[in-house]
Amino acid sequence: MTQCHGSNNWLNILKYPLGERTSKPRGSGLTMVIDKGLGLGETRDLLNLAGNYIDYLKLGFGTSAFYSSEILAEKISLVRSYDVDIYPGGTFLEVAVLQNKLEEYLDMVKQLGFTAVEISDGTITLDESVRAHAISLAAEKDLIVLSEVGKKDSNNRTPLSVLINQVVGDIKHGSHKVIVEGRESGKGVGLYDSSGKIITTEMEELVSALPDPSVLIWEAPIKDQQQELILRFGPNVNFGNINAHEVLALEALRVGLRADTLKAVCD
């Protein structure tokens, strides 16, 4: 199995200012990368460089439908060889639900070699019972279930009380982690306002309602969002929708090797 080995030479003389990072396989400090169309060479380069810091690779939206069978199989195999879990985007599942093909979809996900699946209703509306069934069915098929809460339309925000109930229910029904919607923009969705700032009161209310906030994966594509979440929860907060070219930059931010978080130690 191919592995990505990071050099610890610098760590012989320096320590991470914000503390140590968890190592793979990890239950916290997860990083999910959104892949909007990386070629095999780009994927291999990414994993060679940063595979130690990536836990999930999401083939965004419905892009999985546009790969040839051969290329998709090779890509899934490549990603798995670096101990990274891979799954298709939640919008793809929403289409399957609309077309009454949920079980067939999950069977195909498993057959193709994906190791995880996203259960979401960012565009459609899933009845509570359908959502619970989808999560439990996917878990029964030995897929890692990552459910998602929140809508993609800024004019259709889910009330916070509903988000909290969904998170609690999703974990109860078999979700491994619950993603808080942030899209690729990080603006006007989930717990972000139209400028991308975290709505702190809602974030704190959500977190305080959960016995373990580490069940959450925060989609946080913007550096300021990442910074605020790291300073609030520490270097091992879970992040999603990270740009493939920003993985090492995020790692530096996590541990205080960027000015943005290092200043918290200096103040």
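Values quoted throughout were computed directly from the atomic coordinates according to the rules given, and no laboratory measurement underlies them. Computed from a prediction, not measured in an experiment: that's the story for all the values here. Counting neighbours? That spans all protein chains shown, and the Cβs are built from the backbone with ideal geometry, glycine included.
Structure notes:
- Extension gain from Met108 to Leu262, taking 0.36 nm per residue of separation minus the Cα-Cα distance: 50.9 nm
- Each of Thr261, Thr200 was scored by other Cβ atoms within 10 Å of its Cβ. Arranged with the fewest first, they read Thr200, Thr261.
- Cα pair distances exceeding 22 angstrom across the chain, given as percent: 55
- Region 53-146: trypsin sites (Lys or Arg not before Pro) in DSSP coil with no more than 15 other Cβ atoms inside 10 Å: Lys101, Lys141
- Taking Ser68, Ser77, Ser214 as the candidate residues, the one with maximal mean-square fluctuation in a Gaussian network model of the chain, Cα springs under 10 Å, is Ser68.
- With semi-axes defined as the square roots of five times the eigenvalues of the C-alpha gyration tensor, the equivalent ellipsoid of region 111-261 measures 25, 18, 14 Å, largest first.
- Only DSSP H runs of four or more residues enter the estimate; each adds -39500 (n - 2.57), and after division by the residues of the chain the mean residue ellipticity at 222 nm equals -12000 deg cm²/dmol.
- For Tyr192, residues with placed amide H under 5 Å, excluding near neighbours: Ile199
- A simple rule links phi to the HN-Hα coupling: the Karplus curve 6.51 cos²θ - 1.76 cosθ + 1.60 with θ = phi - 60°, which for region 195-201 gives 9, x, 7, 5, 7, 4, 4 Hz, with x for Gly and Pro.
- Amide H contacts of Leu216: Val178, each under 5 Å away and 5 or more positions distant or on a separate chain (H built 1.01 Å from N in the peptide plane; Pro and chain starts excluded).
- Rounded to the nearest angstrom and listed largest first, the equivalent-ellipsoid semi-axes of region 57-129 from its Cα gyration tensor are 23, 12, 11.
- Our coupling estimate for region 122-135, obtained by passing each phi through the Karplus curve with A = 6.51, B = -1.76, C = 1.60 and θ = phi - 60°, is x, 10, 8, 10, 9, 4, 4, 5, 5, 4, 4, 5, 4, 5 Hz, Gly and Pro reported as x.
- Fewest-first sequence of Ile34, Ile222, Ile13 by Cβ atoms within 10 Å of each Cβ: Ile13, Ile222, Ile34
- C-alpha center-to-center spacing [region 10-30, region 211-250] in angstrom: 15
- HN-Hα J in Hz across region 76-87 - Karplus 6.51, -1.76, 1.60, θ = phi - 60°, x for Gly and Pro: 4, 4, 4, 4, 5, 5, 9, 6, 10, 7, 9, 7
- Dimensions (Å) - region 1-140, Cα atoms, principal axes, largest first: 57, 34, 25
- Filtered GluC sites (Glu not before Pro), region 1-87: DSSP coil and at most 16 other beta carbons within 10 Å: Glu20
- The ellipsoid that matches the Cα gyration tensor of region 106-193 has semi-axes, each √(5λ) in whole angstrom, of 23, 14, 10, with the longest given first.
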